[in-house]
Amino acid sequence: MSFSRSQSRVQVPAALAASQDGDAWRAWTAALPALAKEFLDRWSLRLDGPPAHGAVALVLPVLQAEGPPAVLKLQPVDEETQGEPLALRVWGARHAVALLDSAPDSGVMLLERLDAARSLATVSDGTAALERLSELLAQLAAVPAPAGLRLLSDIARAMIDRVPTYSRSLADPSERRLLATCAAAVRELLDEPGDRLLHWDLHYDNVLAPLPSSQVAGRAPWLAIDPKPLAGDPAFELLPALRNRWDDVITAADVSRAIRHRFHLMTEVIGLDRERAAGWTLGRVLQNCLWDIEDGAVTLQPEQTAIARALLDP
C-alpha cells in the first residue's frame, strides 16, 4: 500500500492551545500544523480520525503505509519530555507503548496505537487497579536508567534549596513546618538517590491496554504511556497513584488509614523499603507544594497535607 503525500491541515484543539500561557507556547501551537504535516509526509502516514491531546501534547491517530495503526505524538522539547523516546526505547514494548520512530530534536514520536478507551481508570475495583499499576511500576523500575536522563539527586537538592524562601509565602506556620519536615526527610536520602529508570507520572490514565492485534505472549496486559523519565529511586514513583480516585479516600471513615492502605499495598507489591518509600513520597509532596507556591499559592492543597501527615504519623 502506498499513500499520497498528506494535504490535510491539522487542526489544533482549542483546549490544547489554551492550556498554557506565554509567547513560546503560542508560537509552538501556531507551528503545529506545519510540523504535523512534515512528519505525516516524512513517515508516509495518513490521518485516521480526530486529534486528541494531553496537557502539552497533540496526538494524531494515523495509518502507516506498512504496519499497524499508530499515533503521531507532537510535544515541546523540554527537560520533562526530552527523555521520553530514550526511555521507551530502553523499556522496549513489553511493559510500555512501543516506539516506532522518533525525531527527538523536534519532540515528535511515532507510537503504536493502544486502546484509548481502556485505561486503568476503567477498572472499577480500586484495589485491583492499584495492584495492576504497582506491578507495572515494579517492572519498569527494574531497568537501570541509561545515561543522559535527569537525575533525581539533582532535582531533590534543588527542591531542598528552595524551601527556606518558598515557605515564607505560606500563611500557616504549621504548613511551613510541614515543608521543612518533608525537606528533612529528603535530605536523609540524598546519599542513595537510586539509579533506576523512573516513569515519574504513572497514574491510571497513563496506563492503557494494547489493541487485541498487538497483544502477544509475554507482553503485559497494561502498558505505560507518557513517561517523564528520571534516573533515581523507585520509591519516588508512588504519589501519583496515591492520589488516584481521591474522592474514594476523602469519603473513607479514616482518611489517613485509607492513604496508608494504598501506600502499604504499593510498597508490598513493588518490594520497597517502607521507610525510604515514605521519605521519597514526602519528597514528591514537597515537589508539588513548591510548584503550587511558584504559581502563587499561599496555602497547601489538602490532599498534599493529608498524604504527608498520614505517612509521618503511621
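Restricting the first member to region 290-310 and to residues that are part of a loop (DSSP other than H, G, I, E, B), and the second to residues that are at pLDDT 95 or above, the beta-carbon pairs closer than 6 Å and six or more apart or on different chains are VAL298/SER169; VAL298/ALA171; LEU300/GLU175; LEU300/CYS289.
If I filter region 18-41 for residues that are at pLDDT 95 or above, farther than 20 Å from THR81 by Cα and in a strand (DSSP E or B), do I get at least one hit? Checking region 18-41: not a single residue is at pLDDT 95 or above, farther than 20 Å from THR81 by Cα and in a strand (DSSP E or B). For the residues SER256, SER214, the requirement of being under 20 Å from GLY92 (Cα atoms), in contact (Cβ under 8 Å) with a residue 24 or more places away in the chain and not aromatic (Phe, Trp, Tyr) singles out SER214.
Whenever a residue of region 160-185 is charged (D, E, K, R), its partners that are in a loop (DSSP other than H, G, I, E, B), lying with C-beta atoms within less than 7 angstrom and at least six residues away or across chains, give the pairs ASP172/THR299; GLU175/THR299; GLU175/LEU300; ARG176/LEU170. The set of residues in region 29-51 that are of a type in the set (A, V, I, L, M) and touching a Leu at 6+ places or on another chain (Cβ under 8 Å) comprises LEU32, LEU35, ALA36, LEU40, LEU45, LEU47.
Of all residues in region 224-253, those satisfying the criterion of being of a type in the set (D, E, K, R) and within 22 Å of VAL77 (Cα to Cα) are ASP226, LYS228. Does ARG94 satisfy the condition of being part of a loop (DSSP other than H, G, I, E, B) and under 28 Å from ARG46 (Cα atoms)? Taking the combined requirement at face value, the residue satisfies it.
All of SER119, SER153 fail the test of being touching a Pro at 6+ places or on another chain (Cβ under 6 Å), among the polar types (S, T, N, Q) and surrounded by 16 or more Cβ atoms within 10 Å (Cβ to Cβ), apart from SER153. Filtered by the rule that a residue be within 12 Å of LEU290 (Cβ to Cβ) and of a type in the set (A, V, I, L, M), region 149-189 gives ILE155, ALA156, ALA158, MET159, ILE160, VAL163, LEU170, LEU179, ALA183, VAL186. Considering VAL123, VAL97, VAL77, VAL108, which residue is among the β-branched types (Val, Ile, Thr) and in contact with a Phe, Trp or Tyr (Cβ under 6 Å, 6 or more places away or on another chain)? VAL108 is the lone residue from the list that is among the β-branched types (Val, Ile, Thr) and in contact with a Phe, Trp or Tyr (Cβ under 6 Å, 6 or more places away or on another chain). Residue under question is SER174, and the condition is that it be part of a helix (DSSP H, G or I), under 20 Å from the mean Cα position of the chain (by Cα) and either modelled with pLDDT under 95 or of a type in the set (Ser, Thr, Tyr) (or both); does it hold? When the stated conditions are applied, SER174 does not pass them. A single member of ALA138, ALA183, ALA158 is assigned by TED's automatic domain parsing to the domain that holds GLY271, at negative phi, part of a helix (DSSP H, G or I) and buried (at least 19 other Cβ atoms within 10 Å of the Cβ), and it is ALA183. Consider region 248-277 and keep the residues that are of a type in the set (Val, Ile, Thr) and part of a helix (DSSP H, G or I). The one that is surrounded by the most Cβ atoms within 10 Å (Cβ to Cβ) is ILE259. Note on region 42-91: residues that are without any contact (Cβ under 8 Å) to a residue 60 or more places away in the chain, under 17 Å from the mean Cα position of the chain (by Cα) and not in a loop (DSSP other than H, G, I, E, B) total 7.
The values are calculated or read from the model by the stated rules, or taken from the named source; none is laboratory data. Keep in mind it's a predicted model, so treat the numbers as computed, not measured. For neighbour counting, all protein chains shown are included, and Cβ atoms are generated from backbone atoms with ideal geometry for every residue, glycine included.
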